[in-house]
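Heads up, the thing below is written out as structure tokens.
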Amino acid sequence: MAKGICTLCSGNCGIEVMVEDNKVLSVKGDKEHPISKGFTCPKGRALPEMLYAKDRLSCPMKKDENGNWHEISYEEAIDIIVEKFTYLKENFGSESLAVHTGEAGVRKQFSGHVRRFGQAYGTPNQSSAGSHCHLSKEMANKMTVGVLPSADYKNSKCIVLWGYNPMNSRPSQMMDINKAINNGAKLIVVDPQKTYTAKRADVHLQLRPGTDGALALGLIHIIIEEELYDKDFVEEWTVGFDKLVELVKDYIPEKVEKITDVPKELIVEGARIFANNKPGNISPGIAIELLSNGFQTARAISILQAIMGYIDIIGGATMSPPPPLSSLELENVKYNREPIGKSEYPLFCANYNSAQANIFSDAILEDKPYPLKGMMIIGSNPILTWPNVNKLREALKALDFLVVMDNFMTETAKMADIIIPGTFPIERYEIWNGVDSSGDGIVGLAPKLIESKQGISECKFISDIAKGMGLEEAFPWNSDEEAIGYRFQKIGKTFEEMLNMNYGYKYRTFEEKKYTKNGFNTPSKKVEIYSTTLEKSGYDPLPIYNEPAESPLSTKELAEEYPLVLSTGARYLQYYHSRYRNIESLNGYKSQEEVAKVKINPQIAERKKIKDGDMVKVESLRGSIKLKAEITEDVLPTTALISHGWNDANANELTDNENLDPISGFPPDRALLVKLTSL
Ligand code: SF4
């Protein structure tokens, strides 16, 4: 048995892998791993099935003018890519190429290589899944408390899962959550759906999708009015509390009930439980940032947690700086143009030195702000995961050149000119990090356990293109091992030393209330309820609530024709966003038609004469899809829920890339208006 790490998602679970003759026979959890302690989810255990799937891409391919695919050698693929990238640079400028990594690249070494390549090539249009996942709430928290904290579930007395269902999206966290609940911690769930987790909660705040910001202000109102907040902390460590008092004055429970559909008694009960069971913490999920008002919603939730003084304490929201590794960013890079999105979302683009990918379609189709002619997409399937896919499909079709690297022939890969087969985690070295049971930060090196017969190392691929273009100075390493070894230089470790540490290296010991030494990592060194950074950029400095761009209250006429509030994108344990639908054991050996469903309440079903399992059409202003109806009391009569990631019932045919959050540019996938027709 070889020790390894599953890095399919950010859970980084320790695994034991049975390997024989370079073939993986089985994967099971490693009980000795200090963080995951033997846990694996079905995805991790299905790794052998993924590695040896019949439909796995196994060779670089080129599409001819008739749309037919031909296998080509790796060297030929690199030559074509180098030639095309050179052509784009010479004819349209470096900025005409965008390089993008998706969810498969989150916190992976190759994402850093892709960015570095973009910098060396000279394109400011480097983007990632962060254009619509995680970075909005991260930036909101950075501006408020200096960092996105992580919850110390195990020692908490009150856990709030807000638009977050780790049972499906981060299952390894359930060990600590269950432990805390068994030790008497309260559980509050904010979710438009009665999920399994919500059914276990002490209080389930089942809200109309998109009204999370109003609910947060309503909870703050009660906590302030009943003087339940941490007065010493607020006095010493916050700025703008007086303005917050003024802001939430009107958010009385009756008003918040009208906005959110959550009964006022439950709002009051939720606020009191959160404030009276100390310490508590809030875990906001992607749901709260995928809204046209998501950034300020994330700020309001962050402030709710902060005024309770639950920051950087055991059982609260701990401040965990990432491991101090050597950076892959090139220094003193100058671009000819600003990244796409910089004029619309300046704070987002400046904070992440990145483009905002949600508006790439406009650049491709309308040359706004300038032409985008080529894309390199690695570990991402935008056709299933980006908003307003009808427009995006047209845009990708209009590109001069598209190269995609992935494990399978995805809907996006089908549109490419060149496809390169990628690797799975244990076929490459990978850096992982996490927090152990003492709150200490650990960074480790996930070993390569087999040589891939099909996939090409993503880092090698990027490095080979760079070298083909004469950019070898930016990629001075002769191997992936050397490149990863460079990252560990800053912590004084070599590649070999890290490889010998199965359970990683402790780079930080947990310490409570670090802010008492140097303050918070904000301009004022305090929790910025009132953000001067936002004010200077022309945004509201307070965490205001705005109705979703499409809603029964903000667009009443539209709501008459499209009366249901749609939330898309709730996660399933067996998939990772759009990935692994083709893995039979994960899909329950069912067809897509059997699994892709819209969840509606029995009242809607009765009104529309729809029976469970009937095919229905769901339509928004952007497009329509057909899929089966699942009739369930788990959703409100005003709401419809569709998961994303299905080729033939693609929820992103319905979503919107115009009413984006004004600060982060995130799409409003979780609160849109739709109508439903029986077929
Ligand atoms: S939660 Fe599952 S997919 Fe994620 S790292 Fe752990 S085993 Fe792998």
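Of the residues making up segment 229-255, those that are more than 17 Å from R299 (Cα to Cα) and in a strand (DSSP E or B) number 0. Looking across segment 125-166, the residues that are in contact with a Pro (Cβ under 8 Å, 6 or more places away or on another chain), under 26 Å from E535 (Cα atoms) and surrounded by fewer than 24 Cβ atoms within 10 Å (Cβ to Cβ) come down to N141, V147. Restricted to strands (runs of 3 or more DSSP E) entirely inside segment 1-65, those with at least 2 residues that are near the ligand (Cβ under 10 Å from one of its atoms) are 2-6, 13-20, 23-29. Of the residues making up segment 244-260, those that are surrounded by fewer than 20 Cβ atoms within 10 Å (Cβ to Cβ) and in contact (Cβ under 8 Å) with a residue 60 or more places away in the chain number 0. The set of residues in segment 98-107 being in a loop (DSSP other than H, G, I, E, B) and crowded, with 23+ Cβ neighbours inside 10 Å consists of G102 alone. For the residues L304, L290, L328, L347, the requirement of being part of a helix (DSSP H, G or I) and more than 23 Å from A271 (Cβ to Cβ) singles out L347.
If the condition is being part of a loop (DSSP other than H, G, I, E, B) and closer than 17 Å to Y572 by Cα, then segment 633-653 contributes D634, S643, H644, G645, W646, N647, A649, N650. Of all the criteria given as (1) more than 21 Å from D669 (Cα to Cα); (2) surrounded by 23 or more Cβ atoms within 10 Å (Cβ to Cβ), the one not satisfied by H204 is (2).
Across segment 543-561, the number of residues qualifying as polar (S, T, N, Q) and over 30 Å from F241 (Cβ atoms) comes to 1.
Within the span defined as segment 247-264, every residue fails to be more than 29 Å from T555 (Cα to Cα), among the β-branched types (V, I, T) and either at pLDDT 95 or above or not assigned by TED's automatic domain parsing to the domain that holds E633 (or both). One residue alone among K62, K23 is at pLDDT 95 or above, of a type in the set (D, E, K, R) and surrounded by fewer than 16 Cβ atoms within 10 Å (Cβ to Cβ), and that residue is K23. Does segment 75-83 contain at least one residue that is in the same structural domain as I340 (by TED's automatic domain parsing), β-branched (V, I, T), under 30 Å from Y503 (Cα atoms) and more than 14 Å from the ligand (Cβ to nearest atom)? No, segment 75-83 contains no residue that is in the same structural domain as I340 (by TED's automatic domain parsing), β-branched (V, I, T), under 30 Å from Y503 (Cα atoms) and more than 14 Å from the ligand (Cβ to nearest atom). All conditions in (1) acidic (D, E); (2) closer than 26 Å to G146 by Cβ; (3) crowded, with 21+ Cβ neighbours inside 10 Å hold for D232, with the sole exception of (3).
Whenever a residue of segment 38-51 is closer than 21 Å to P166 by Cα and touching a residue at least 60 places away in the same chain (Cβ under 8 Å), its partners that are near the ligand (Cβ under 9 Å from one of its atoms) and assigned to a helix (DSSP H, G or I), lying with C-beta atoms within less than 8 angstrom and at least six residues away or across chains, give the pairs F39/P171; F39/S172; C41/P171; C41/S172; L47/P425. Residue pairs whose Cβ atoms lie under 9 Å apart, separated by 6 or more positions or on different chains, with the first residue in segment 5-28 and farther than 25 Å from N168 by Cβ and basic (K, R) and the second more than 7 Å from the ligand (Cβ to nearest atom) and not in a strand (DSSP E or B), are K23/P48; K23/L51; K23/Y52; K23/I450.
Somewhere in segment 133-141, is a residue touching a helix residue (DSSP H, G or I) at 6+ places or on another chain (Cβ under 6 Å), within 16 Å of the ligand (Cβ to nearest atom) and either more than 30 Å from I313 (Cα to Cα) or free of Cβ contacts under 8 Å to residues at least 60 places away in the same chain (or both)? There is no residue in segment 133-141 that is touching a helix residue (DSSP H, G or I) at 6+ places or on another chain (Cβ under 6 Å), within 16 Å of the ligand (Cβ to nearest atom) and either more than 30 Å from I313 (Cα to Cα) or free of Cβ contacts under 8 Å to residues at least 60 places away in the same chain (or both). Considered as a group, the residues in segment 210-228 that are in a helix (DSSP H, G or I) and of a type in the set (G, A, S) include one that is surrounded by the most Cβ atoms within 10 Å (Cβ to Cβ), and that residue is G218. T101: more than 16 Å from the ligand (Cβ to nearest atom) and closer than 16 Å to L8 by Cα, yes or no? So T101 fits the description; yes. Among the residues of segment 516-536, those that are part of a loop (DSSP other than H, G, I, E, B), within 25 Å of the chain's Cα centre (by Cα) and surrounded by fewer than 21 Cβ atoms within 10 Å (Cβ to Cβ) comprise N521, T522. Can you spot a residue in segment 365-377 that is assigned to a helix (DSSP H, G or I) and of a type in the set (D, E)? Yes; the residues of segment 365-377 include at least one that is assigned to a helix (DSSP H, G or I) and of a type in the set (D, E).
Yes/no per residue for (1) within 16 Å of the ligand (Cβ to nearest atom); (2) closer than 30 Å to L47 by Cβ; (3) assigned by TED's automatic domain parsing to the domain that holds Q173; (4) in a loop (DSSP other than H, G, I, E, B):
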{"residue": "V565", "(1), (2), (3), (4)": "no, no, no, no"}
{"residue": "L573", "(1), (2), (3), (4)": "yes, yes, no, yes"}
{"residue": "S585", "(1), (2), (3), (4)": "yes, yes, no, yes"}
{"residue": "G588", "(1), (2), (3), (4)": "no, yes, no, yes"}
{"residue": "L621", "(1), (2), (3), (4)": "no, no, no, yes"}
{"residue": "D656", "(1), (2), (3), (4)": "no, no, no, yes"}
{"residue": "N659", "(1), (2), (3), (4)": "no, no, no, yes"}
{"residue": "D669", "(1), (2), (3), (4)": "no, yes, no, yes"}
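No other residue among S136, S111, S156, S127 is in a helix (DSSP H, G or I) and touching a strand residue (DSSP E or B) at 6+ places or on another chain (Cβ under 6 Å) apart from S111. Restricted to segment 336-374, and to residues that are more than 15 Å from G93 (Cβ to Cβ) and among the hydrophobic types (A, V, I, L, M, F, W, C), which residue is surrounded by the fewest Cβ atoms within 10 Å (Cβ to Cβ)? Applying the filter and picking the extreme gives A350.
The values are calculated or read from the model by the stated rules, or taken from the named source; none is laboratory data. Model, not experiment: these values are computed from the prediction. Note that we place each Cβ from the backbone using ideal geometry, even for glycine, and neighbour counts take in every protein chain shown.
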